[in-house]
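Just below is one structure, and these are the notes that go with it.
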Amino acid sequence: MLNKICFAYHWATSGGVERVFLNRGEALLGQYPKLEIEVYFNYDCGGGTLIQRYSKSRGLSDRLRVVRQFDPSRYEVVFVIDTPQLLTDYPAVADKMLMECHTPYAENRTYLKDWEHRLKTLVVPSSGFLPVVESEFPGLRGKIKVIRNFVPQLPPLEHSLSLPDWRGPVFLYFARIDELKNFTEFIEGLSAAGRHFQTQPLALVSGQVLPGFPVNELLEKNRVRGSVAILPPVPFENSHVLMQMLRQKKAVFVSPSKGESFGLSAAEAMTAGLPVILSDIPPHVALVSNRDKFLYRLGDVKGLAAKMAAAVEHYDQMSVECVELAREFSVQAFLSDWERLFMGNVQALTGVVKS
Amino acid sequence: MSDLRDGVGISFATWQDRQLAAILNEIRSAHAAVDGHKEKVVQELGKLVTLLSEFTRREDELRADTRLWQDKAADLDRQLKEQTALRADLQIAQQRLEAEVARLRQLEKNYAEENQTLSSRASAANFEATNLRRLVTELHNSLSWKITAPLRMITKPIFERLHPTQPNVVTSPTVGTSPTAPPAPPKPTGTIDVFPTPSQTTSGPVDAILPELRHATSIAIIPCAIPFSSTLNQRPISCARYLADHGTTVLYVAWQWLPEEEVPQAWKEVYPRVFHIPLYGFQGNVEAIAAASYGKGAYLSTLPSPGLVDVVRPLRAAGYHIHYDIMDDWEGFHKGGEAPWFSAPVEHEMVILADTVTAVSDRLAEKFSHLRTDIAVVRNGYQPAALASEQFVAAHAPLSEKKTIGYFGHFSDAWFDWDTVLYAAGKRPDVEFELIGWGISEPTRMRIEKLPNIKPIGIVPQAELHKYARNWWGGMIPFQPTDVSAAVDPLKVYEYLHLGLPSIVTGISGIAKYPLVDYAENRDRFVDAIDRITSRPNAQLLAEVERFLKDCTWDERFAKLKAMLEAPAGLAFLYAKR
């Protein structure tokens, strides 16, 4: 078994990859008492501090830490997530590297073109994402392995916390506000859903706004300004708090995303018991085991609105179903993938093919 | 001459001699006795003198001892005073040291939080940078960009001539690379801090208040349509005063129509812990203000203008509690040609964005109940001390000979019901209407001049109102029956009640059930209500008013508001600094 590993990524912010590091770290350190994990970022934009703080708060700081100097020789395996630059700067890492692709943005994974015939293994975070990457890079066919992302068990919510007593049904959009995550379709769906309800449906939006994205114009065009509360991005350690508070308000999670590698926010919502309505892209389909009631055809605004209304109508039943489905991406699922991958010859997985 | 005495048969002379001799003997014996006594007395005196001299000596010795001990006591006292002073100095020094330690700890904590805030902002900036890079990548990968490449190649020299490369341009820190177009940062040298030296980049008057914010344990930002004045009783001003009096540092944001519009005492401390901030200065520096807010922050929005709703996002990200206080029917004002900035969807956005919402009247709470059901009604109030008179001063004064109905406040044609007042004055020429305040328009002035029983007084300081009001039989609040009126909670009704005056009200149904209020639905009912006032309120009524007014002071009102701001709120919790 592995004793010392490193997760390396280009940016330290407070995004999805950093959350994956923390989730994995907590699960692996609980499972393997001798394991030590270090995290390295090329550029620290503040996320390093957040990880250190989180690690300390969970009592893990002696075994899960952020390092500022990268020394590949210290590790048995270096997990390189969408950061090929690291191999240019540190060629020695090539022998023990396990490259992972997590980015849902197609243009940001074009780097794999240079690696598809050289890598021994590429790791992706969901079985739904595997065929997407495989179709883009046929040279990786048969080399792609899945280590499923997961959502850790949610800590209990403080009883005194609650959200405002909004009157209408509440829909949550929890993603970057840009074209890939398809905020436009969410707003159009919200507007169209209005006719299904007697009271005006409300939306809670949390996410980074792409600079220049015409949010207000979009809201006004769809006549929903006044029904949408746009929050700053919620710090990742509190996303589960928001989800659990929204469960108390019987909110529905909606993701019209055009691209996901796993769908971590949707998975978190399902774990918290929020019914989800998701676009029918492969990673979403995988999350909900292809159950139609949770999916709508991407681009079909009327279909989205109808599914949103149905989720409110059958809330309790869909909530229970989501919690059941969420077991598929529990920590046990991740650990099972991990053990399957690393129980054999690690060297057969890592590094590049010698030409 | 001879005589016989006692039958002894001796002569009188002989008897006289014998008697004399006997007396002399007695005198001699007495002298002898006196001499003996005298000698004894002298002896005793000698002893006494000796004793006295002994006592004198001892007294001198005791005096000397006393002086000695007094000197010693004085010396000890001086030493004690010196030691006490020394101890006091030491205590002061210790307190100073403790305060300095606490300050440094707070500073350390503040810097840690500032670091965290700046890190978050850096993170956000990075997201934006990543997104921009993605856009550039998309552009570079687009067909149109590739098709137009030859054209750019041809035109490049022209653009280079038009925009020559500037030498020695200091570039901003590179925040990263696109996977497809990586720049060449100096590597490998370990992690690069994208924002390695966080610092405040603001400049200008806001810098003067940032240190105050950094040291504040509690901060409130309160926008208001009028500049701050410690003598005014308006709700946001009273709220600012109340919170400042309870230890909160208040940024009082004064409305401006244009950035160049002057705000009196801008950026200055206009009341202990209340800082006067021009609107545009606030909106332009909200990021810096948010970043410097280490204490628990609250944003008390009273004006739902788009700009003042936009600031919610950075304040929310900095952990501020967002509160919307609905103090007027802005939509009604807007329809009446006022509040041109108003937009109903933006106000709705504010209602749903806020952690907590209050309204001054049931009507306003009801107006937004389709959005949320937890809007608390916190009515307006008054400050008894500002009226400078004891409670019920008018009720305790005898009724004046002439029935007088009074009013104080603003006379806006937009809401003051002149028609009703003029109608009543015409119907009851024997009743006088005393009008105190400002804002009577010229056309209205011409109308009221025709009625001799309407007496405009002009502006009277609040502390002197009681001098007029004690002669009134009642107060009036004649407002037009509009949406704006229906939603208001007039300050003056509390002041009329404090003075002990019955009040005749039109247009404001929300206060119809207040004690001593007679709500008139039309002008005839208004006249009837005037007729019904025939005496001062009795003791039972005044007792009821006294009980009612206990909850109506600003202190009572804002205590409720403060409790709402301090209670745990779900949205605020997500961003709270811990």
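The values are calculated or read from the model by the stated rules, or taken from the named source; none is laboratory data. Because the structure is a prediction, the values reported are computed rather than measured. Positions of Cβ are generated from backbone atoms using ideal geometry, with glycine treated the same way; all protein chains shown enter the neighbour counts. Side chains included, ligands, DNA and RNA excluded: accessible areas come from the protein's heavy atoms. Shrake-Rupley method; radii C 1.70, N 1.55, O 1.52, S 1.80 Å.
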Please go through segment A:138-171 and give me each residue that is in contact with a Leu (Cβ under 7 Å, 6 or more places away or on another chain), part of a loop (DSSP other than H, G, I, E, B) and more than 14 Å from chain B (Cβ to nearest Cβ), ordered by number. A:LYS143, A:ILE147, A:ASN149
Yes or no: A:LEU190 over 25 Å from B:GLU566 (Cβ atoms) and facing another protein chain (nearest Cβ under 10 Å)? no
Among the numbered criteria (1) under 15 Å from B:PRO490 (Cα atoms); (2) assigned by TED's automatic domain parsing to the domain that holds B:VAL360, which one does B:VAL517 miss? (2)
Those residues of segment B:437-459 which are among the aliphatic types (A, V, I, L, M) and open to solvent by 20 Å² or more (accessible area, probe 1.4 Å) amount to B:ILE440, B:MET446, B:LEU451, B:ILE457, B:ILE459
Of the residues that make up segment B:530-545, is at least one touching a residue at least 24 places away in the same chain (Cβ under 8 Å) and of a type in the set (S, T, N, Q)? yes
Could you identify the single residue in A:GLU158, A:GLU185, A:GLU179 that is open to solvent by 10 Å² or more (accessible area, probe 1.4 Å), out of contact with any Asp or Glu (no Cβ under 6 Å at 6 or more places or on another chain) and at pLDDT 95 or above? A:GLU185
Of all helices (runs of 4 or more DSSP H) fully inside segment A:275-355, the set with 1 or more residues that are more than 21 Å from the chain's Cα centre (by Cα) is A:301-313, A:315-325, A:331-342
Checked segment A:73-94 for anything crowded, with 17+ Cβ neighbours inside 10 Å, in a loop (DSSP other than H, G, I, E, B) and more than 12 Å from chain B (Cβ to nearest Cβ); matches are A:TYR75
What number goes with the only condition from (1) more than 9 Å from chain B (Cβ to nearest Cβ); (2) under 19 Å from A:PHE253 (Cβ atoms); (3) open to solvent by 30 Å² or more (accessible area, probe 1.4 Å) that A:GLN198 does not pass? (2)
Of the residues in segment A:2-53, those that are closer than 19 Å to A:LEU98 by Cβ, open to solvent by 10 Å² or more (accessible area, probe 1.4 Å) and of a type in the set (Lys, Arg) number 1
Some residue of segment A:244-256 being among the basic types (Lys, Arg) and within 13 Å of chain B (Cβ to nearest Cβ): yes
Kindly evaluate A:VAL20 against the criterion of being part of a helix (DSSP H, G or I) and within 22 Å of A:LEU341 (Cβ to Cβ). yes
Test result for B:GLU331, acidic (Asp, Glu) and open to solvent by less than 20 Å² (accessible area, probe 1.4 Å): no
Note on segment B:368-391: residues surrounded by fewer than 21 Cβ atoms within 10 Å (Cβ to Cβ), within 14 Å of chain A (Cβ to nearest Cβ) and within 17 Å of B:ASP328 (Cα to Cα) are B:PHE368, B:SER369, B:ALA376
Do you know which residues across segment A:24-72 are farther than 22 Å from A:VAL93 by Cβ, in a helix (DSSP H, G or I) and of a type outside the set (Phe, Trp, Tyr)? A:GLU26, A:ALA27, A:LEU29, A:GLY30, A:GLN31, A:THR49, A:LEU50, A:GLN52, A:ARG53, A:SER55, A:LYS56, A:SER57
Since A:PHE174 meets every condition but one in (1) modelled with pLDDT under 95; (2) within 13 Å of chain B (Cβ to nearest Cβ), which condition does it not meet? (1)
So if I check each of A:LEU204, A:LEU163, A:LEU140, A:LEU172, which one is without any contact (Cβ under 8 Å) to a residue 40 or more places away in the chain and crowded, with 19+ Cβ neighbours inside 10 Å? A:LEU140
Residue match in segment B:347-357 (condition: within 14 Å of another protein chain (Cβ to nearest Cβ), open to solvent by less than 50 Å² (accessible area, probe 1.4 Å), in a helix (DSSP H, G or I) and among the β-branched types (Val, Ile, Thr)): yes
Within the bounds of segment B:250-267, is there any residue that is β-branched (Val, Ile, Thr), over 22 Å from B:GLY307 (Cα atoms), open to solvent by less than 40 Å² (accessible area, probe 1.4 Å) and modelled with pLDDT of 95 or more? no
List pairs: first residue in segment B:257-285 and closer than 14 Å to B:PRO205 by Cα, second residue among the hydrophobic types (A, V, I, L, M, F, W, C) and surrounded by fewer than 15 Cβ atoms within 10 Å (Cβ to Cβ) anywhere in the structure, Cβ distance under 7 angstrom, at least six positions apart or on different chains. B:TRP267/B:ALA208
For A:PRO233, which of the numbered conditions (1) open to solvent by 10 Å² or more (accessible area, probe 1.4 Å); (2) touching a residue at least 60 places away in the same chain (Cβ under 8 Å); (3) not in a loop (DSSP other than H, G, I, E, B) fails to hold? (3)
For the structure I just gave you, tell me whether A:PRO233 is within 11 Å of chain B (Cβ to nearest Cβ) and within 20 Å of the chain's Cα centre (by Cα). yes
Quick check, is A:VAL252 β-branched (Val, Ile, Thr), crowded, with 23+ Cβ neighbours inside 10 Å and more than 14 Å from the chain's Cα centre (by Cα)? yes
Among the residues that make up segment A:304-327, is at least one of them surrounded by 22 or more Cβ atoms within 10 Å (Cβ to Cβ), over 30 Å from A:ASP95 (Cβ atoms), hydroxyl-bearing (Ser, Thr, Tyr) and modelled with pLDDT of 95 or more? no
Flagged in segment A:207-226 as more than 9 Å from chain B (Cβ to nearest Cβ), open to solvent by 40 Å² or more (accessible area, probe 1.4 Å) and assigned to a helix (DSSP H, G or I), in numbering order, are A:GLU217, A:LYS221
Out of all the residues in segment B:196-211, is one or more buried (at least 23 other Cβ atoms within 10 Å of the Cβ) and part of a loop (DSSP other than H, G, I, E, B)? no
